[in-house]
Amino acid sequence: MCRGGPRCYTWRMTIAMSARDLERRSCAVTLSDMEVFIFPELMYSLVLANIMSPRIWRWRDDPWFAGMERMKPHRRIMRLKQYIMDNYAFNLDLDTWGLTSKDREIERFRDYLSLDALSQSNALFGYEGDKYYFDIDIRTHFGLDKYEGGTIPYWKTETVEAMDAFRFKPTYESGAGECVSLAALYAAALFVVGRIPLKDIFLMATPLHSQNFVDIGDGILTNNRRLVTQTMWFNGSALSAQARRALENERVTVVAHETGFIHVLYPEATIEPGAYRTFAAKLGTFLQVPLTAEILGSFVRHSTELQRCFQIRWNNFGRDRYIAAEKLLAYEFGCKFRFNDNTREKLMAEVAGEDFESRPLPGRIILDDLEEFVREQQIDIRTPEGFAQLKGQFASNCMNAHDAIEQLRRFCWVEPRLPDAAAKTFTRDQPPLELATSMSRADILARLETIREDNELAGLAFYAYRDLNRTDAGPFLKAALERSPVSIAGCQDLNDDDLVLRVEELADESIYDEPGRLAQPDEVWNFGRGDGAEKALLLGNLLRERHPNSEINIEVAPDWAELSFESKTYRFPSAKGLHEQTWRLAEAT
């Protein structure tokens, strides 16, 4: 029996909670790539946890955001983008949160999803995607090829506090996070700091990426730290090519919104159907553009393998001169002028005379003539007639005209592969979030508290928020004791006495500012700091791994935590103000 407090928790069970609820709530604590895929409602719960956090609300007081309320929405969003660019790095260090195995994760989630479904939709379980991903060997590209024998990374998603805490790691100078972390951070910050209504923010996940679509003006995509407008999507730059990769080559597995979610593999969807239709229509419009002379130039910039098939003509002092497309494009680097807009003349002025040729380069299409043809004919490249009309103009001995036009069509017209609404049953039996940009943080917390029992997004948000004064401790302990491989591996060469000393020497501060909110053991270890309650749990988990047959309990009180192990006790001061309780980590056998 647990002793010492009115509440008692073990890591295997908790009071009045089904196995599925326990698993799902513990997943809300750790938020791994796999967990968010299995329980897609967790993606938006992380957004709500970040909205609840005082960290993002403090951004409002930063001088960088002075006068935000007077700015137009687009300018507010761009201001926010620069702040995130300056303060967060994109982190794809797959070892940050340790390793697990395919067999372990498959066994853990065998009741929720089949291996075949996982392999079609999840990067850690064999997903390769379209031909593009086979061509670049996607597992090598993301560093997954170094894991053999079924070993895979946890690939966890971070709260804003954990993202900020990367500053404490030796090789980081700022906060950091992976793509889901950055998408959730953006969504919360757009609402809190940018005053963008939640109804206009949609989170999208593909097997290898997460990003947001913001329904403002023509639309804006978040892409890790950056933002992509429709103009940027079609400018043909290396950055836009990177941003286009996921939607061009992967299907969207999950769309999350304030009203719920839709998942490619689950027959039921909770997102409001009208909101989903609006999103699908707006995203589709964002990803399409008519073929114009300027877009044609962007396509040439985008398609590096086709640049050798084009040349640009320029009349200089009454004589036509010619320059290879790739040579002219090299002048764009570090320059604000572009060859395919009204700054071409200024760009040409930058070109050295010896880079021009006096005669047309053999075998190359003169882009100026093709631009004129596009302007005059106003071709709809989506139609068979437009395709055929353009094909003759692309005739060249250095490329296949049919393939080149097919590439141009895909450049102008991306069709996102979204979950099929017609194949879903939409269920709406939960109260709406009803969070407004005019609400204070206290108002938002009060609203989420009011509906948490009936709205799953709100209910799970408190577990993602890690507040043990507002939640049952069982899911937090389950997550801590089952999914903390980094600290276990990091201290395997220490004896018990040195282990205790190492934990005691960690800085006495939590990465979570508020009372009740706790870091997981691997967060404490990774960032080298923790409150006494967090240190006690870290030490208890490490000792449990070494001594599985020993009884290990932690007594918790508002200002201390005491770990009992065999005949020893270790007492740590705590500022977390936790309700009195006992955490039973292991029992003697």
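The values are calculated or read from the model by the stated rules, or taken from the named source; none is laboratory data. The structure presented is a predicted model; accordingly, all values stated were derived computationally and were not measured. Note that we place each Cβ from the backbone using ideal geometry, even for glycine, and neighbour counts take in every protein chain shown.
Could you please find all residues in region 456-470 being surrounded by fewer than 22 Cβ atoms within 10 Å (Cβ to Cβ) and part of a loop (DSSP other than H, G, I, E, B)?
Asn469, Arg470
Quick check, is Asp493 surrounded by fewer than 15 Cβ atoms within 10 Å (Cβ to Cβ), among the acidic types (Asp, Glu) and assigned to a helix (DSSP H, G or I)?
no
Would you be able to say whether some residue in region 62-81 is of a type outside the set (S, T, N, Q) and within 27 Å of Val486 (Cα to Cα)?
no
Going through region 87-107 one residue at a time, which ones are hydrophobic (A, V, I, L, M, F, W, C) and under 25 Å from Trp59 (Cβ atoms)?
Ala89, Phe90, Leu92
Within region 379-454, which helices (runs of 4 or more DSSP H) (wholly inside it) include 2 or more residues that are modelled with pLDDT under 95 and either in the same structural domain as Lys199 (by TED's automatic domain parsing) or out of contact with any strand residue (DSSP E or B) (no Cβ under 9 Å at 6 or more places or on another chain) (or both)?
Output list reads 384-391, 401-412.
Contact list please: Cβ distance under 8 Å, first residue in region 197-226 and in a loop (DSSP other than H, G, I, E, B), second residue among the acidic types (Asp, Glu), pairs at least six apart or on different chains.
Close Cβ pairs satisfying both conditions: Pro207/Glu250; Leu208/Glu250; Asp215/Asp200; Ile216/Asp200.
Here are some conditions: (1) over 23 Å from Glu161 (Cβ atoms); (2) within 27 Å of the chain's Cα centre (by Cα). His547 meets all but one. Which one does it not meet?
If we test His547 against (1) over 23 Å from Glu161 (Cβ atoms); (2) within 27 Å of the chain's Cα centre (by Cα), just (2) comes out false.
Mind checking whether some residue in region 97-113 is assigned by TED's automatic domain parsing to the domain that holds Val192, part of a helix (DSSP H, G or I), at pLDDT below 90 and touching a Gly at 6+ places or on another chain (Cβ under 8 Å)?
yes
Would it be correct to say that Arg60 is farther than 30 Å from Gln430 by Cα and either touching a residue at least 60 places away in the same chain (Cβ under 8 Å) or surrounded by fewer than 17 Cβ atoms within 10 Å (Cβ to Cβ) (or both)?
Against the criterion (farther than 30 Å from Gln430 by Cα and either touching a residue at least 60 places away in the same chain (Cβ under 8 Å) or surrounded by fewer than 17 Cβ atoms within 10 Å (Cβ to Cβ) (or both)), Arg60 qualifies.
Being in contact with a Gly (Cβ under 6 Å, 6 or more places away or on another chain) and under 14 Å from Leu46 (Cα atoms) is true for just one of Glu178, Glu158, Glu250. Which residue is that?
Glu158
Go through region 55-96 and give me each residue that's basic (Lys, Arg), closer than 18 Å to Leu198 by Cα and part of a helix (DSSP H, G or I).
Arg75, Arg76, Lys81
Taking region 528-560, which residues are touching a Lys or Arg at 6+ places or on another chain (Cβ under 7 Å) and under 22 Å from Glu158 (Cβ atoms)?
Asp531, Ala533
Each row is one residue, and each column tells you yes or no for (1) touching a Lys or Arg at 6+ places or on another chain (Cβ under 7 Å); (2) closer than 15 Å to Asp368 by Cα; (3) assigned by TED's automatic domain parsing to the domain that holds Ile405; (4) modelled with pLDDT under 95.
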residue: Ser303; (1), (2), (3), (4): no, no, yes, yes
residue: Leu306; (1), (2), (3), (4): no, no, yes, yes
residue: Cys309; (1), (2), (3), (4): yes, yes, yes, yes
residue: Ile312; (1), (2), (3), (4): no, yes, yes, no
residue: Asn315; (1), (2), (3), (4): no, yes, yes, yes
residue: Tyr322; (1), (2), (3), (4): yes, yes, yes, no
residue: Glu332; (1), (2), (3), (4): yes, no, yes, yes
residue: Lys336; (1), (2), (3), (4): no, no, yes, yes
residue: Phe339; (1), (2), (3), (4): no, yes, yes, yes
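Have a look at Ala256, Ala269 and point out the one that is at pLDDT 95 or above, among the hydrophobic types (A, V, I, L, M, F, W, C), touching a His at 6+ places or on another chain (Cβ under 8 Å) and assigned by TED's automatic domain parsing to the domain that holds Phe213.
Ala269
Which pairs turn up if I take residues in region 526-549 that are in a loop (DSSP other than H, G, I, E, B) and look for partners that are hydroxyl-bearing (Ser, Thr, Tyr) with beta carbon separation below 9 Å, at least 6 apart in sequence or on another chain?
That search, which allows pairs on different chains as well, returns Gly530/Ser510; Asp531/Ser510; Asp531/Tyr512; Asp531/Ser574; Pro548/Thr589; Asn549/Thr589.
If I go through region 513-549 residue by residue, how many of them are more than 20 Å from Leu31 (Cα to Cα), aliphatic (A, V, I, L, M) and touching a helix residue (DSSP H, G or I) at 6+ places or on another chain (Cβ under 8 Å)?
3
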